[in-house]
Structure formats: C-alpha cells, structure tokens
Ligand code: ARG
C-alpha cells in the first residue's frame with residue numbers, strides 16, 4: 001500500500017528496507033508533546049485568520065487533545081509505515097475526527113513542523129540543564145563554604161605547585177558552570193524564533209499569522225527567512241557545543257575524583273551511594289559514577305561532531321539527512337542531564353580527607369614560591385634572584401630529604417645571609433594560603449566571601 005499522506009502519485013508502497021531506513025518514528029515519538037503543541041497553535045491561528053471554519057478548528061483541537069491523551073496514557077499505537085511522529089499524529093487524528101483532520105496541514109509542511117518541534121524540545125531541555133547546572137553550583141558552593149580553610153595541594157602539570165584550599169578548587173568549577181549556563185542561555189535566546197509557517201521552504205500563499213503562532217508557542221518572533229527556517233539545525237549544533245563544553249568540565253572534575261579517591265592519593269571519600277564494589281576484590285570502592293561522567297563526554301562530543309558532519313554538505317533547503325539530527329541530540333542532552341545529576345549527588349556526599357590534604361599540601365616544596373616572595377618583600381631581592389636562592393635551598397632540602405621548614409637558619413643563610421627567623425612563618429601551608437589575598441586568590445576569607453556570594457545568588 002502506498003503512504004496515505006503522500007502516496008497520491010505512487011502505485012506501490014516502499015520496499016521493506018526503504019521503510020526501515022526512512023522511518024524516524026522509533027526515535028521522534030518523543031516529540032509528540034511538542035508536535036501536538038505546535039499543531040494546536042497552528043490550527044487556532046488558521047481559525048483566527050479565517051482560513052479554516054470554526055467547526056473544523058474545534059473538531060481538530062478536540063481530536064488533537066484525544067491523541068495527546070492516548071499518547072500520555074501509553075495506548076497510542078506507533079506504526080513504522082507512518083514514518084514519523086507528524087504523520088502518526090495526523091493519521092490518528094483522521095481516525096478520530098474524519099475528513100476535517102486533512103485541513104490541519106493547510107499552510108504547513110513537515111519541514112517547518114519538525115524544525116518547530118525540535119526547537120521546542122531543545123529549548124525545554126536547555127532550560128532544565130540550566131537548572132541542573134545551578135543545582136551543581138549550589139552543591140559546590142556549599143562544599144566550598146564548609147572547606148574554605150581546608151588546605152590541599154594545588155597542581156600544575158599534576159606536580160605540587162602551591163597550596164590552595166579545597167573550597168577554592170570547588171569554586172573553580174562553580175565559575176566554569178556559570179559560563180556553561182551562560183552558553184545554554186545564549187543558545188536558547190538565539191534559537192527562540194519560530195519556523196512554523198515557513199511551510200516546505202518558500203512560505204505560503206495563505207494569509208497566515210506567523211506572529212500569532214510564534215507567540216502562542218513562547219517564541220520571541222517568527223524566523224525571517226523561510227529557507228533558513230527549514231534548512232538549518234544550528235540551534236541543535238550550538239546546544240550540543242554548549243553541552244560538550246559543559247561535559248568536558250564535568251569530565252575533568254570526574255577525572256580528579258577518580259585520581260583523588262585512589263588509595264595512593266586518598267584526598268577525598270565518595271559516599272557508598274556513588275561507589276561500587278568489586279565482585280572479586282573485597283577491598284575495592286570504585287568511583288564508577290565519576291568514571292561514567294568522564295566517559296559520557298565522549299558521546300556528547302560525538303553527537304556534536306556527528307551533526308556537524310551531517311550538515312556540512314547540505315544544499316538549501318531541507319534534505320532528509322536532517323532527520324539524523326535527532327538521536328544524537330536527544331541522547332547527548334539526556335546524557336549531560338544524567339552527568340549533572342550524578343555530579344551533584346557525588347559532590348553533596350563527598351568528604352575531603354583534611355589531614356591527608358594538608359600533609360600533601362606541604363610536601364613537594366609547595367611553599368617555595370612563598371619563600372621567594374618573602375625574599376622579595378622583606379629583603380628587596382629582585383624576583384629572579386629570589387627564585388635562584390630558593391631553588392638552591394630546595395636543592396639542599398631535597399638532598400637531605402627534608403622539607404624547607406626543616407632547614408636550619410644557618411643553612412638558609414648559606415644561600416642568602418640576610419634571611420632571618422621570620423622566614424619560617426611563610427613556610428607553613430596555612431600561612432601560604434592565608435597570604436593569597438589578591439582578588440580571586442585562594443585566601444580562606446576570599447573563598448568564604450565568594451562561596452557566600454554564590455549561595456545567595458543561586459537562591
Ligand atoms: N521525519 C522528518 C525529519 O525528521 C520530518 C520532515 C520530513 N520532510 C520531508 N520533506 N520528507 O526530518
């Protein structure tokens with residue numbers, strides 16, 4: 001049998017494989033709520049513009065609501081031969097309301113319909129990702145406040161660099177997430193133009209009111225060019241790009257958690273709720289959730305790359321290639337949602353191991369910069385010379401296998417005769433972090449103030 005929606009000029013139906021490659025219903029059925037919303041806005045406008053008689057509008061509206069109820073109740077039967085969600089809804093609508101259903105598609109095409117549905121779905125998803133990212137920021141800011149004074153090693157090249165506070169490290173991610181949220185909101189603002197009414201590609205000869213449908217669906221305005229309306233998926237690309245960057249941030253943090261929970265580091269403890277055991281090694285507490293957050297960035301980046309490649313060679317306007325925008329976009333944005341939720345859970349429960357962190361913060365000559373700064377500040381040495389003197393002292397200490405603070409004053413004075421007892425005060429990690437009071441620095445007072453500011457702003 002040829003397709004009821006477009007089969008007029010076809011004598012026979014599609015080959016089995018044609019049907020299989022062509023159908024998107026398996027994955028676009030999740031657009032049912034958006035599709036019905038769009039159709040309700042469209043039919044109401046057709047009525048208001050005098051394009052459809054009021055009784056047809058009423059029948060179609062009632063019918064669309066019954067279809068929505070059936071889908072929500074799970075009684076709707078999706079059939080592959082109906083290809084996609086748009087034709088599935090219309091076909092069921094025809095069964096319910098009869099001939100009048102055929103008028104719904106006046107002044108519209110599946111091309112503007114699918115672009116509208118996707119925008120509505122992506123828009124809702126961006127809104128909820130923004131909220132989820134805010135939840136994670138809140139959890140991190142609260143951890144930061146509790147651990148504003150907990151010292152830990154700060155790293156560059158994963159080598160001990162300078163002591164920082166655990167709270168400061170948490171707030172670094174709060175900042176990244178703030179930019180991620182900004183990107184979600186930018187993408188949302190840019191996508192918020194309604195393609196409905198662009199029809200197949202050229203617009204329509206019916207006197208439609210695109211401003212009415214745009215505002216009924218919560219868009220800021222209709223899209224200005226009918227070809228562009230149906231031909232681009234940059235809103236999905238931009239959202240996937242924002243999602244990829246956020247996923248990369250989460251992945252880096254996840255990687256840190258994996259390293260930090262290892263027996264060798266023992267920096268933090270994840271809760272039982274976010275670790276798993278091994279079926280053979282009873283001692284194990286594996287950070288699976290963190291590992292999976294790290295891994296899922298792969299599929300999110302993959303979806304962005306995949307869709308970029310799908311789009312790159314397409315002439316205007318619509319091509320069926322664009323049906324391939326869906327699975328990757330759905331999958332990636334959902335994966336990010338799960339990652340944000342898992343991260344929030346892990347952060348809320350995790351406990352830094354303060355004693356280990358403090359010990360590690362002092363090892364690896366992490367206060368060498370403090371010594372060099374002291375030589376500059378107190379003795380007026382140029383920084384390069386202070387660097388040199390400090391380097392010599394680190395060499396002496398390291399040859400003896402001791403920390404800088406364990407060198408005697410005499411040993412210090414061999415490198416620089418003017419060094420006094422007062423130098424020892426800056427060699428402790430607590431003093432080191434407390435002295436980093438420059439704006440954005442790791443001093444506990446700074447961290448406390450910033451964490452409190454975030455908690456207030458996040459509400
Ligand atoms: N299922 C299609 C998609 O997702 C809907 C648009 C079909 N348009 C067409 N001209 N065949 O892209």
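Might you check whether a residue that is in contact with a helix residue (DSSP H, G or I) (Cβ under 6 Å, 6 or more places away or on another chain) and within 13 Å of the ligand (Cβ to nearest atom) occurs anywhere in the range 36-57?
Among the residues of the range 36-57, at least one is in contact with a helix residue (DSSP H, G or I) (Cβ under 6 Å, 6 or more places away or on another chain) and within 13 Å of the ligand (Cβ to nearest atom), which makes the answer yes.
Can you tell me which residues in the range 73-87 are within 16 Å of the ligand (Cβ to nearest atom) and farther than 18 Å from residue 43 by Cα?
Step one: list which residues in the range 73-87 are within 16 Å of the ligand (Cβ to nearest atom), which gives 78-87.
Correct list: 78, 79, 80, 81, 82, 83, 84.
Assess whether residue 360 counts as being assigned to a helix (DSSP H, G or I) and out of contact with any helix residue (DSSP H, G or I) (no Cβ under 8 Å at 6 or more places or on another chain). Steps first, answer last, please.
Numbers: assigned to a helix (DSSP H, G or I): yes; out of contact with any helix residue (DSSP H, G or I) (no Cβ under 8 Å at 6 or more places or on another chain): yes.
So residue 360 passes the test.
Out of the range 143-162, which residues are buried (at least 17 other Cβ atoms within 10 Å of the Cβ) and at pLDDT below 95?
Here is the first cut: in the range 143-162, the ones buried (at least 17 other Cβ atoms within 10 Å of the Cβ) are 143-145, 147-154, 160, 162.
The answer is 160, 162.
Could you give me the residue pairs with C-beta distances under 8 Å whose first residue belongs to the range 111-140 and is within 18 Å of residue 300 (Cβ to Cβ) and in contact (Cβ under 8 Å) with a residue 60 or more places away in the chain, whose second residue is within 16 Å of the ligand (Cβ to nearest atom) and not in a helix (DSSP H, G or I) wherever it lies, and which are 6+ apart or on separate chains?
Between residues of the range 111-140 that are within 18 Å of residue 300 (Cβ to Cβ) and in contact (Cβ under 8 Å) with a residue 60 or more places away in the chain and residues that are within 16 Å of the ligand (Cβ to nearest atom) and not in a helix (DSSP H, G or I), the close pairs are 118/233.
Inspect the range 198-221 for any residue being within 19 Å of residue 322 (Cα to Cα) and more than 14 Å from the ligand (Cβ to nearest atom) and give the result as yes or no. Show your work before the answer.
Of the residues in the range 198-221, the ones within 19 Å of residue 322 (Cα to Cα) are 198-202.
If we keep only those that are more than 14 Å from the ligand (Cβ to nearest atom) too, we end up with none.
There is no residue in the range 198-221 that is within 19 Å of residue 322 (Cα to Cα) and more than 14 Å from the ligand (Cβ to nearest atom).
For residue 282, state whether it is within 16 Å of the ligand (Cβ to nearest atom), out of contact with any strand residue (DSSP E or B) (no Cβ under 9 Å at 6 or more places or on another chain) and not in a helix (DSSP H, G or I).
Working: within 16 Å of the ligand (Cβ to nearest atom): no; out of contact with any strand residue (DSSP E or B) (no Cβ under 9 Å at 6 or more places or on another chain): yes; not in a helix (DSSP H, G or I): yes.
Criteria not met by residue 282.
Does residue 263 count as under 30 Å from residue 402 (Cβ atoms) and either at pLDDT below 95 or within 16 Å of the ligand (Cβ to nearest atom) (or both)?
yes
Which of (1) surrounded by 15 or more Cβ atoms within 10 Å (Cβ to Cβ); (2) not in a loop (DSSP other than H, G, I, E, B) does residue 265 not meet, given it meets every other one?
(2)
Which of the residues spanning the range 203-224 are surrounded by fewer than 18 Cβ atoms within 10 Å (Cβ to Cβ), in a loop (DSSP other than H, G, I, E, B) and within 30 Å of the chain's Cα centre (by Cα)?
Within the range 203-224, 218, 220, 224 qualify.
Anything in the range 372-390 that is outside any loop (DSSP other than H, G, I, E, B) and exposed (fewer than 14 other Cβ atoms within 10 Å of the Cβ)? List them, or say none. First the steps, then the outcome.
Just the residues of the range 372-390 that are outside any loop (DSSP other than H, G, I, E, B), to begin with: 372-379, 383-390.
Answer for the range 372-390, where residues must be outside any loop (DSSP other than H, G, I, E, B) and exposed (fewer than 14 other Cβ atoms within 10 Å of the Cβ): 377, 383, 384.
Got a sec? Which of 90, 70, 61 is surrounded by 13 or more Cβ atoms within 10 Å (Cβ to Cβ), in a helix (DSSP H, G or I) and within 16 Å of the ligand (Cβ to nearest atom)? Outline the logic, then answer.
Numbers: 70 fails: within 16 Å of the ligand (Cβ to nearest atom); 61 fails: within 16 Å of the ligand (Cβ to nearest atom).
Selected residue: 90, the only one of 90, 70, 61 that is surrounded by 13 or more Cβ atoms within 10 Å (Cβ to Cβ), in a helix (DSSP H, G or I) and within 16 Å of the ligand (Cβ to nearest atom).
Select from the range 102-131 the residues that are surrounded by 22 or more Cβ atoms within 10 Å (Cβ to Cβ) and away from the ligand (no atom under 16 Å from the Cβ) and write down the one among them that is farthest from residue 187 (Cα to Cα).
Only one residue tops the list, namely 129.
Go through the range 189-202 residue by residue and tally those that are outside any loop (DSSP other than H, G, I, E, B) and under 18 Å from residue 40 (Cβ atoms).
Restricting attention to the range 189-202, the residues satisfying the condition of being outside any loop (DSSP other than H, G, I, E, B) are 189-191, 193-194.
Checking the rest, the ones that are also under 18 Å from residue 40 (Cβ atoms) come to 194.
Counting residues in the range 189-202 that are outside any loop (DSSP other than H, G, I, E, B) and under 18 Å from residue 40 (Cβ atoms) gives 1.
Do we have any residue at all in the range 143-153 that's farther than 17 Å from residue 267 by Cα and not in a loop (DSSP other than H, G, I, E, B)?
There is at least one residue in the range 143-153 that is farther than 17 Å from residue 267 by Cα and not in a loop (DSSP other than H, G, I, E, B).
Just need a number here: residues in the range 287-345 that are outside any helix (DSSP H, G or I), touching a residue at least 12 places away in the same chain (Cβ under 8 Å) and within 14 Å of the ligand (Cβ to nearest atom).
If we filter the range 287-345 for residues that are outside any helix (DSSP H, G or I), which is where we start, we get 287, 312-319.
Now restrict to residues that are touching a residue at least 12 places away in the same chain (Cβ under 8 Å): 287, 314, 316-318.
Okay, now just the ones that are also within 14 Å of the ligand (Cβ to nearest atom), so 314, 316-318.
Here the count works out to 4.
Report yes if residue 186 is surrounded by fewer than 17 Cβ atoms within 10 Å (Cβ to Cβ), in a helix (DSSP H, G or I), touching a residue at least 24 places away in the same chain (Cβ under 8 Å) and out of contact with any strand residue (DSSP E or B) (no Cβ under 9 Å at 6 or more places or on another chain), otherwise no.
So residue 186 passes the test.
If you check residue 139 against the conditions, is it within 26 Å of the chain's Cα centre (by Cα) and crowded, with 17+ Cβ neighbours inside 10 Å?
Yes; evaluated as a whole, the condition is true for this residue.
Please go through the range 269-309 and give me each residue that is within 24 Å of residue 247 (Cβ to Cβ) and over 22 Å from the mean Cα position of the chain (by Cα), ordered by number. Steps first, please.
First pass over the range 269-309, keeping only residues within 24 Å of residue 247 (Cβ to Cβ): 270-271, 273-276, 286-309.
Within the range 269-309, 270, 271, 273, 275, 276, 286 qualify.
The values are calculated or read from the model by the stated rules, or taken from the named source; none is laboratory data. Keep in mind the model is a prediction, meaning the values are calculated, not measured. Cβ: placed from backbone, ideal geometry, glycine included. Neighbour counts: every protein chain shown.
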